[in-house]
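These notes are about the structure you will find just below.
Every number here is computed from the coordinates shown, using simple stated rules; none is lab data. Model, not experiment: these values are computed from the prediction. Glycine also receives a Cβ, built like all others from the backbone with ideal geometry; neighbour counts cover every protein chain displayed.
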Amino acid sequence: MKKYIHNILLIVVSAGISLLLMSCAAGNFNSAFSNAASNESTAPISGSENSEPGSSAETTTQTTTQTTVKTTAATTTQTTATTATTTTANTTAQTTPEKSYASNAAAKPSAVPPETKKPETTAVTAAQTQESRPVKETAYTAEMYVNKSCAAHIKADESSSVVQRFKLNEKVDITASTDNGFYRLKSGGYLAKEFLCSGKTVAFSTSTSQSDAVAIPKKPPASTDKSSDFYDPAKAIAYARSNWNNGIGHCAAFAEKCLEAGGIYGLSDIGATTLYNQLMASGLGYAVQLTRDKDGYINAQDYAFPGDIIFFYCPTDKRMVHAVVYNGSTKDGLVQAYSHNPANDGQRALNYSKTCPDDCGTEIKTAALFCFYRNPINSEKPDSKPVLSAKPDKDTVDFTWTADYLYNDSALVVIDEDGDEVYRCSMKNSTSHSLRFYSDEEYTVYIETYIGDITVKSNEVKFRLPMANNKPEEAQ
């Protein structure tokens, strides 16, 4: 009996111990699961619920990271924008039995990667950069003309306050030039360089851009004794001489650039017809019809002057098909000119295409000479004179001469040792000539150039050739 009671007590004690052990185990498990769930809610888990199937245990590791991102944006003002983004995640590594993980799979949050903000950068606008950069000025003195209605500002900045306004062709005095595209005015304020020109601007009517060329007068007007301070033909010819073969622009564009160099602004380089119509409406000159000879050459007219413009006319299309810059005439009186398409050097007789370059194929018989008003009575005598040189060769002498001004006619003159004029020949705008001498005596030769009613004489060249005749003649 005692043995039986002892066995019962052992069973009761064992059962109590088992219950106690199970209670402790359950408490530890619940604590562990509670901590894991708490950590899962604060730090995302990498991977998915079904990753690595079949493993007896799953280990989820969450790391603590601290990231700092710096972005530097370089601008003209060397502005640096630095943005720091710090992301901190505290995680706890926990090993969970597979059975417990599976039973609580529904409670596990979905795996979403942490959101990372892009670094913010500081953008500096062009206006802020320009405002922060000091404007540099360089001393510059000039008289210029306003080419359109505009306003001067208190600073070298279009957004600053307006201090004065200007109208077309008002003259202004410049005292300095800035490095951001402005001139400082003597009267106060700053004016953008784009609004100023070295000469006056012609206000052309927009109606002159019609497709047909306006009628070409057959004779010059009764009076051409007008003068204009817009145009300096010497500067136009200087530009033409330097750029006739640069290949930039078509014929009308080249003519327009020559005129601009001469002080006429506001013309169009769209085409020869538009340029001709604009000149005709400008009041700066007049046009006269010219006729080409059977070989395609044009005889120069006494009223033509280097720097004038010649246009070739197609009667079928009723428009100008070519434009050239007149450069005087050869000693034979034929027009010579600078041009593009084709390029001409202005030193020989001009002979343009006999037919229209377009598909119509019409014969080009007519040209229009646009002459700028020049009052020969009020013409000024140049400060310099032609320079003549001679190169004897047996019985022949080659003469060449140059002048740094424009003239519309010239003559080579030979005087014998008795002071008599034994030879005079019109050279027009030619710059060389050869003569043969047959008399054993001393001769004096010089060049005369004519600008309206003004005669400008060159230096004199004296020489003696031991030959036998009594007067010079043209060298063959």
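Remarks
- Shape class for the range 135-197: oblate, because the ratio a/c of the largest to smallest gyration tensor axis (alpha-carbon atoms, square roots of eigenvalues) is 1.5 or more and b/c is at least a/b.
- The length gained by stretching the chain between residue 218 and residue 171 to full extension, at 0.36 nm per residue less their Cα-Cα distance, is 13.1 nm.
- The range 216-378: relative contact order as a whole-number percent, Cα under 8 Å and 6+ apart: 29
- Spin-label model, residue 186/residue 394: points 7 Å from Cα along the beta carbon direction are separated by 6.4 nm.
- In this calculation the C-beta distance from residue 161 to residue 343 is compared with R0 = 60 Å, giving a FRET efficiency of 0.75.
- For residue 420 and residue 316, the FRET efficiency from 1/(1 + (r/R0)^6), where r spans their Cβ atoms and R0 equals 56 Å, is about 0.50.
- Working from Cα pairs under 8 Å separated by at least six residues, relative contact order for the range 135-197 is 39 percent.
- Residue 359-residue 441 pseudo-label distance in nm [points 7 Å out on the Cα-to-Cβ vector]: 6.9
- Only lysine pairs 8 or more places apart or on separate chains count here, and in the range 251-383 those with Cα atoms under 25 Å apart total 11.
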